[in-house]
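Below: the structure, in structure tokens.
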Amino acid sequence: MSTDNTDIGLEDFATSASAPDAAATAAPAVDGKDVDEAQKEAVYDIPVKITAVIGTATMPVNQLLRLGRGAVVELDRKLGEAVDIYANNRLIARGEVVVVDDNHIGVTMTEILSSSATNG
């Protein structure tokens, strides 16, 4: 695992694949850009669902049905413990809950997980 406070780039989560020799496979131009560049830019517009999980709980249905207004559900995390941050249901980082403004909260990424740590 690596700890890094830098922004997450697309290349951090891409899997490496062997690329053919660039000189042998020159891509034609599209709107003044080569095809590879146009494809990369198209990827940046794909929406990614980010989820921050502060904790989980497991309970039987009968206990769930007895919950009412004001009930407290105890989670499996301790106060101050890092929250898990997922991108499209894949664990990518851990962080801390922060107050953004009077009506919103956010998450500061404190640890970005390597792709090998998130795969297993």
I'd like to verify a number: residues in the stretch 38-94 that are small (G, A, S) and on the phi > 0 side of the Ramachandran plot, how many? 3
Over the stretch 75-120, the set of residues among the polar types (S, T, N, Q), in a strand (DSSP E or B) and farther than 21 Å from P47 by Cα is T110
Regarding the stretch 43-66, can at least one residue be identified that is hydroxyl-bearing (S, T, Y), surrounded by 12 or more Cβ atoms within 10 Å (Cβ to Cβ) and assigned to a helix (DSSP H, G or I)? no
Some residue of the stretch 21-38 being surrounded by fewer than 10 Cβ atoms within 10 Å (Cβ to Cβ), modelled with pLDDT of 50 or more, within 28 Å of H104 (Cβ to Cβ) and not small (G, A, S): no
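The values are calculated or read from the model by the stated rules, or taken from the named source; none is laboratory data. Because the structure is predicted, anything quoted here is derived from the model rather than measured. Cβ sites come from the backbone with ideal geometry, for glycine too, and all protein chains shown count toward neighbours.
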